[in-house]
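Below: one structure, written as structure tokens.
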Amino acid sequence: MIKVLHVLDIAGVSSILTHYYNKVGKGKADLIYHQKNNISSEISKFYEGKSFSQFRFLLMAGLKKSMKCDIIHIHGAEILIPLFKITGKKIVLHYHGSDINEEKRSNSIKRIICRSMADLIIYNGKKMEVKIKTIKKIRKEYLPNPVDIEHFHPIMQKKIGSVSFVSTNLDKEKTIASIQSISDAEIIDLNLQHIPYENMPEFLSKFETYIDVKIMSWGDILPDLSTTALQALACGCNVYHSGQILKEFPEEHRPDKIIEKLDLFYKEIL
């Protein structure tokens with residue numbers, strides 16, 4: 001049985017991977033994360049993560065826990081790899097978006113050296129691989145974002161109109177202008193109007209369509225379906241994305257399928 005320690009949580013992906021890895025019985029996974037007043041921390045609390053208000057305590061706990069693990073799965077923060085490398089355990093580095101898409105992070109010599117110490121690099125965007133620069137050949141694998149389809153499911157109620165979300169990681173002005181050119185959707189700024197993760201399925205299920213437009217702060221239009229768009233599809237909404245209306249939840253984002261793939265990656269590096 002493989003024992004995995006997830007370090008940090010980004011957009012709840014670590015939480016869902018931990019939850020389902022334990023649920024399907026592939027092995028034993030634990031999660032430690034830095035407690036912040038943001039969406040990731042809220043999702044982590046919803047699942048079984050262990051929070052730390054101070055980063056130094058998280059690192060101390062991580063080093064202690066890692067002694068009983070086979071794999072240390074670090075999310076986004078490649079600068080932590082040299083520290084955890086001293087444990088002698090296999091290191092998986094997992095990228096989720098701006099942690100590698102931003103040019104200053106992709107091209108940082110310090111970060112390039114750190115990520116080159118990983119045993120495996122996972123990324124969640126199909127166009128990300130070219131931005132993952134290393135000083136030696138490292139195995140890189142695409143792994144779609146999981147959606148907790150037990151939590152996100154259709155809740156029967158009368159459907160109304162369209163909705164879209166914006167947040168601080170986007171170029172808000174351009175994103176809002178683009179949404180408005182497509183639809184008269186209700187636009188919710190998540191930094192001003194917070195919707196608890198616990199209540200998201202009920203909220204999304206109210207709408208007929210989710211408008212999925214994300215123009216990033218560095219200028220790129222997000223080519224992949226956003227996590228919210230995937231959640232909306234799981235709740236029975238239509239999703240507008242890249243000029244198309246999607247109606248079916250993509251099977252590749254089912255957590256059981258993703259855990260099968262992830263467990264295979266783990267076994268292949270041990």
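The values are calculated or read from the model by the stated rules, or taken from the named source; none is laboratory data. Remember, predicted model here, so these are calculated numbers, not experimental data. Because the Cβ atoms are built from the backbone with ideal geometry, glycine has one as well, and the counts that use them run over all protein chains shown.
Looking only at segment 121-171, which residues are in a helix (DSSP H, G or I) and either crowded, with 18+ Cβ neighbours inside 10 Å or within 17 Å of the chain's Cα centre (by Cα) (or both)? It would help to see each step written out before you state the result.
Step one: of segment 121-171, the residues in a helix (DSSP H, G or I) are 129-131.
Result: GLU129, single match.
Go through (1) part of a loop (DSSP other than H, G, I, E, B); (2) surrounded by fewer than 21 Cβ atoms within 10 Å (Cβ to Cβ); (3) of a type in the set (A, V, I, L, M) one by one and return the number of the condition VAL213 breaks.
Failed condition: (2).
Please identify the pairs in which a residue from segment 120-140 that is touching a residue at least 40 places away in the same chain (Cβ under 8 Å) has its Cβ atom under 8 Å from the Cβ atom of a residue that is exposed (fewer than 15 other Cβ atoms within 10 Å of the Cβ) and part of a loop (DSSP other than H, G, I, E, B), counting only partners at least 6 apart or on another chain.
As it stands, the answer is LEU120/ARG139; GLY125/PRO223; LYS126/PRO223; LYS127/PRO223, since those pairs meet every condition given.
Can you find a residue that is closer than 20 Å to LEU143 by Cα and touching a strand residue (DSSP E or B) at 6+ places or on another chain (Cβ under 6 Å) anywhere in segment 233-247?
Yes, segment 233-247 contains at least one residue that is closer than 20 Å to LEU143 by Cα and touching a strand residue (DSSP E or B) at 6+ places or on another chain (Cβ under 6 Å).
Within the bounds of segment 212-219, is there any residue that is over 21 Å from the mean Cα position of the chain (by Cα) and of a type in the set (Lys, Arg)? If you could, list the steps in order and put the result at the bottom.
Step one: list which residues in segment 212-219 are over 21 Å from the mean Cα position of the chain (by Cα), which gives none.
For segment 212-219, residues over 21 Å from the mean Cα position of the chain (by Cα) and of a type in the set (Lys, Arg): absent.
Just the residues that are farther than 22 Å from TYR47 by Cα and in contact with a helix residue (DSSP H, G or I) (Cβ under 6 Å, 6 or more places away or on another chain), please, taken from segment 188-220.
Passing the criteria: TYR210, ILE211, ASP212, VAL213, ILE215.
Of the residues in segment 21-77, how many are crowded, with 22+ Cβ neighbours inside 10 Å, aromatic (Phe, Trp, Tyr) and in a helix (DSSP H, G or I)?
So the answer is 1.
Consider PHE84 carefully, then state whether it is within 18 Å of ILE2 (Cα to Cα), outside any loop (DSSP other than H, G, I, E, B) and either aromatic (Phe, Trp, Tyr) or not assigned by TED's automatic domain parsing to the domain that holds VAL7 (or both). Please lay out each step first, then the result.
On the way: within 18 Å of ILE2 (Cα to Cα): yes; outside any loop (DSSP other than H, G, I, E, B): yes; either aromatic (Phe, Trp, Tyr) or not assigned by TED's automatic domain parsing to the domain that holds VAL7 (or both): yes.
In short, yes.
Does LEU230 satisfy the condition of being assigned to a helix (DSSP H, G or I) and not acidic (Asp, Glu)?
Yes: the conditions hold for LEU230.
Look through segment 230-270, keep the residues that are out of contact with any Leu (no Cβ under 7 Å at 6 or more places or on another chain) and among the basic types (Lys, Arg), and return whichever of them is farthest from LEU204 (Cα to Cα).
LYS267
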